[in-house]
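Some notes on the structure that comes next.
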Amino acid sequence: MAGQSHTPPGPTTIGVDVGGTKVAVATLTGAALSASSHEPTELSSTEALLAQLTRLIQAAGPADAVGLGLPSAIDAATGTVRDSVNIPLTNVPVRDELQQRLGLPVVVANDAQVAGLSEAYDEQLQLTANSLILLTIGTGVGGAIILGGEIYLGATGAAGHLGHQLIAAAFHDGVPEHRDDPPQPGTLEALAAGRVLDALAIERGYADGPAVVAGAQRGDAAALEAVTILGTRIGLGVANAINVFDPEEVVIGGGVSAAGELLLAPVQQTAARFTLSGLGIRTTIRLARHGQDAGVRGAALLAARSPASL
């Protein structure tokens, strides 16, 4: 009947979003996501972190499966974390370890990948974009590729490192500048991460990125300039994504997205200028809609969509 909606029943899954400062946990039943609980991430050792995750998942209550979003490079076939940023997980078979401790199916993916999965679905868990590119602009720049409502993992599970695309390059005697440690010069992460906004803010007399965003929202010209510079650089990355994928949506998330339309406008304008003619005519560039819940929601949704939970 018109005006009514029906959400089909589904499994109950637990989503876990693991970051360098906190762990968030929430439960997804059907399309209903519980309020998330948080506590500081245990960083003292691998075993201490695994024990913390086990305890938090068990406290979340009975469930059919568990999904984890980790700031890590993950082997999709085995659920092994190859390397991590800011957490003590390197060459750890996280999926198998937690399945053994919990007695539940466990699915693991990169944190940006699960956030991208969340953004492809609405509050009723209906797919809204068959092809979606997510850029998360925080301390670094992460990304996700969602195709057909599923995370595109690539050959090893690590697809979506969009922060490492080149949007500029410096050449010396015909050779592009290179560093041993990432991010490389000229990459989106090197030129548009949250720490870059901090630097732009300090140059203009503000304490940090959030302060310069607040100044821009008050209409301060110098602060607006800083946000516009960042948005212009992000727009180059968005243009690259559109030129490669021609997606239905490109979504900007992460802490920097708090700048809202002040950031989005230069992103959209720059992307339009640098997208090839005929591409992107059906692409919507927007801000992320799930905010701080994107990680736990996407992780729980990943678990709900896994064969083991169906």
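The values are calculated or read from the model by the stated rules, or taken from the named source; none is laboratory data. From a predicted model like this one, the values you see are computed outputs, not experimental measurements. Cβ: placed from backbone, ideal geometry, glycine included. Neighbour counts: every protein chain shown.
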Worksheet item: What are the residues in segment 214-250 that are of a type in the set (Val, Ile, Thr), touching a helix residue (DSSP H, G or I) at 6+ places or on another chain (Cβ under 8 Å) and surrounded by fewer than 24 Cβ atoms within 10 Å (Cβ to Cβ), if any?
Response: Thr228, Ile229, Thr232, Ile242
Worksheet item: Do any helices (runs of 4 or more DSSP H) entirely within segment 179-298 hold 2 or more residues that are of a type in the set (D, E, K, R), outside the structural domain of Asn110 (by TED's automatic domain parsing) and more than 25 Å from Asn110 (Cα to Cα), and if so, which?
Response: 194-203, 261-274
Response to the item:
Going through segment 99-115 in order, the residues found to be under 20 Å from the mean Cα position of the chain (by Cα), of a type outside the set (A, V, I, L, M, F, W, C) and outside any strand (DSSP E or B) are Asp111, Gln113
Item to complete: Identify all residues within segment 82-98 that are surrounded by 18 or more Cβ atoms within 10 Å (Cβ to Cβ) and either in a helix (DSSP H, G or I) or among the basic types (Lys, Arg) (or both); write none if there are none.
Response: Val94, Arg95, Glu97, Leu98
Worksheet item: Can you name the residue in segment 167-222 that is touching a residue at least 12 places away in the same chain (Cβ under 8 Å) and β-branched (Val, Ile, Thr) and is also nearest to Leu236 (Cα to Cα) among such residues?
Response: Ile167
Practice prompt. Could you list all residues from segment 116-145 that are in contact with a Pro (Cβ under 9 Å, 6 or more places away or on another chain) and in a strand (DSSP E or B)?
Written response: Ser131, Leu132, Ile133, Val141, Gly142, Ile145
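Condition test on Asp64, is it free of Cβ contacts under 8 Å to residues at least 24 places away in the same chain, surrounded by 13 or more Cβ atoms within 10 Å (Cβ to Cβ) and more than 23 Å from the chain's Cα centre (by Cα)?
no
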Discussion item. Here's a check for you: in segment 146-162, which residue that is modelled with pLDDT of 90 or more and among the β-branched types (Val, Ile, Thr) is farthest from Thr78 (Cα to Cα)?
Written reply: Ile146
Item to complete: May I ask you to list the residues in segment 169-178 that are on the phi < 0 side of the Ramachandran plot and either part of a helix (DSSP H, G or I) or small (Gly, Ala, Ser) (or both)?
Response: Ala169, Ala170
